[in-house]
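Accompanying notes for the structure given below.
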Amino acid sequence: MGKYKITVLPGDGIGPEVISQAIEVIGAVGKKYGHEFALEEAMLGGCAIDAFGVPLPDSTLEVCKSSDAVLLGAVGGPKWDTLPGNKRPEAGLLGIRAGLGLFANLRPAVIYSSLKEASPLRADIVKDGIDIMVVRELTGGIYFGKRGRYQDEKMGEAAFDTEAYSTFEIERICRLAFEAAMKRNKRLMSVDKANVLESSRLWREVVVRLSKEYPEVELSHMYVDNAAMQLVRNPVQFDVIVTSNMFGDILSDEASMITGSIGMLPSASLGYGTLGLYEPIHGSAPDIAGQDKANPIATILSVSMMMKYSFGLDEIAKKIDTAVVNVLNKGYRTGDIASSGIKPVGTKEMGRLIKEEIIG
Ligand code: NAD
């Protein structure tokens with residue numbers, strides 16, 4: 001029997017609604033498998049601005065640092081949209097990732113066979129479903145490189161941003177991707193732009209060198225422009241994709257879109273050690289907040305990732321994933337994934353059905 005401390009950050013909008021269903025699931029697996037999950041709630045985002053005047057209070061960061069994993073709902077909403085950039089709820093997200101030293105973002109993009117019709121891709125492309133994991137570098141590259149403006153004598157005002165990666169940064173993200181591939185189908189696609197960028201050429205050298213330590217993993221390389229194309233042309237070819245911050249930002253959004261259901265997709269942000277931040281990829285959906293309409297599955301699947309990546313409880317992760325698939329196979333849908341003619345269930349009911357499936 002294990003004992004784990006989880007900090008829960010419900011956030012804003014639909015955040016508290018989806019989080020309360022995820023908490024039900026944590027309670028159910030704790031009881032079924034005899035683990036103790038101690039939950040502590042803290043504030044992040046708009047609710048923290050209202051209560052403390054800042055999106056990420058020091059007390060929140062401290063409690064997150066002292067826990068084994070963090071579960072986040074979503075932050076933001078129209079109420080805080082006019083605040084300056086560094087005072088907005090979303091600044092709390094960047095702050096917490098940096099504060100916890102999280103340098104890797106893992107985003108699965110899964111199309112379940114029972115939800116194939118939700119994908120914008122043709123049935124012959126989706127085949128029996130898609131299961132891709134995008135591993136994105138989170139704290140380096142062009143988003144954090146040197147930038148500036150200057151006057152060009154001939155062309156006037158100009159600006160630059162710099163893509164820079166060290167061997168150290170490349171190695172730590174690629175190692176994490178190899179480890180993820182080892183837990184899946186043992187295929188890793190490294191995406192770069194090595195035909196043009198020097199930083200990509202170093203990236204390729206480092207990943208090739210590292211691959212010697214993972215002889216079981218089949219490593220391939222793809223240029224980012226081709227990867228963007230292949231994701232819509234033949235997505236079933238991918239298992240794990242590893243790439244830089246900017247390429248990962250774009251490709252992980254593309255991979256999510258081909259699933260057709262933003263309310264279904266979880267994510268994990270990881271660093272050294274086992275402390276991770278788990279959250280649905282969707283936002284706070286103010287348009288449906290407080291109406292029992294939000295799909296809680298992305299958050300429940302984030303709990304599954306937490307069990308797997310922070311606690312090493314693979315059996316529980318599998319149980320949660322299977323429960324979700326079974327509920328979908330029985331035909332239950334929230335509004336966002338219901339095709340016409342199907343009466344959708346609400347957030348609470350979807351959570352209850354998944355919990356019942358887990359309890360068995
Ligand atoms: P959004 O993801 O909140 O919503 C986009 C659309 O998807 C909406 O129509 C919404 O109703 C729907 N949707 C999202 N999640 C759903 C769910 N679980 N079930 C059913 N439908 C769902 O994106 P947005 O509208 O661009 O942003 C709203 C707010 O969320 C903004 O303040 C934005 O800054 C913030 N945001 C936060 C995060 C985060 O917390 N990680 C991420 C993205 C956006």
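The values are calculated or read from the model by the stated rules, or taken from the named source; none is laboratory data. Treat the numbers as computed from the prediction; the structure is a model and nothing was measured. Each accessible area value is taken on the protein alone, full model and side chains, heavy atoms only, with ligands, DNA and RNA left out. Shrake-Rupley method; radii C 1.70, N 1.55, O 1.52, S 1.80 Å.
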* To do: Any lysines with Cα under 19 Å of the residue 348 Cα? List them, leaving off those in the same chain fewer than 8 positions away.
  => 293, 330
* Asked: Taking region 33-77, how much of its Cα-Cα pair set, in percent, is spaced more than 15 angstrom apart?
  -> 48 percent
* **Built amide H within the under 5 Å cut-off of residue 190, gap 5+** => 220, 221, 222, 242
* **Projected-area mean, region 238-360, by convex hull of Cα positions, square nanometres** => 9.0 nm²
* Asked: Taking every eigenvalue of the Cα gyration tensor of the chain, multiplying by 5 and rooting it, what semi-axes result, largest first, whole Å?
  -> 32, 26, 21
* With a ≥ b ≥ c taken as the square roots of the eigenvalues of the C-alpha gyration tensor of region 1-146, please select rounded if a/c is under 1.5 and otherwise prolate if a/b is larger than b/c or oblate if it is not? => oblate
* Normalise the Debye intensity by I(0) for region 182-282, one equal point scatterer per Cα, no solvent, then take log10 at q = 0.11, 0.24 Å⁻¹ and round to two decimals. => -0.38, -1.44
* Please work out the C-alpha center-to-center distance from region 54-128 to region 256-289 and express it in whole Å. => 5 Å
* At 1.4 Å probe size, with no ligands or nucleic acids counted, give the accessible surface of residue 58 in Å², nearest ten. => 120 Å²
* At a temperature of 10 °C and a viscosity of 1.306 mPa s, determine how fast region 99-205 diffuses translationally according to Stokes-Einstein, using the Kirkwood radius over alpha-carbon pairs as Rh; express D in µm²/s, rounded to the nearest whole number. => 94 µm²/s
* Taking amide H positions as placed 1.01 Å from N in the peptide plane, with prolines and chain starts having none, which residues 5 or more places from residue 8, or on another chain, fall under 5 Å of its amide H? -> 40, 41, 42, 71
* Distance histogram in 5 Å bins (all Cα pairs of region 71-160, percent per bin) -> 3, 10, 11, 12, 12, 14, 14, 13, 7, 3, 2, 0
* Residue separation times 0.36 nm, minus the C-alpha to C-alpha distance between residue 86 and residue 146: what's the value? -> 19.7 nm
* **P(r) of region 290-360 over all Cα-Cα pairs, binned every 5 Å from zero, in whole percent** => 3, 18, 26, 23, 16, 9, 4, 1, 0
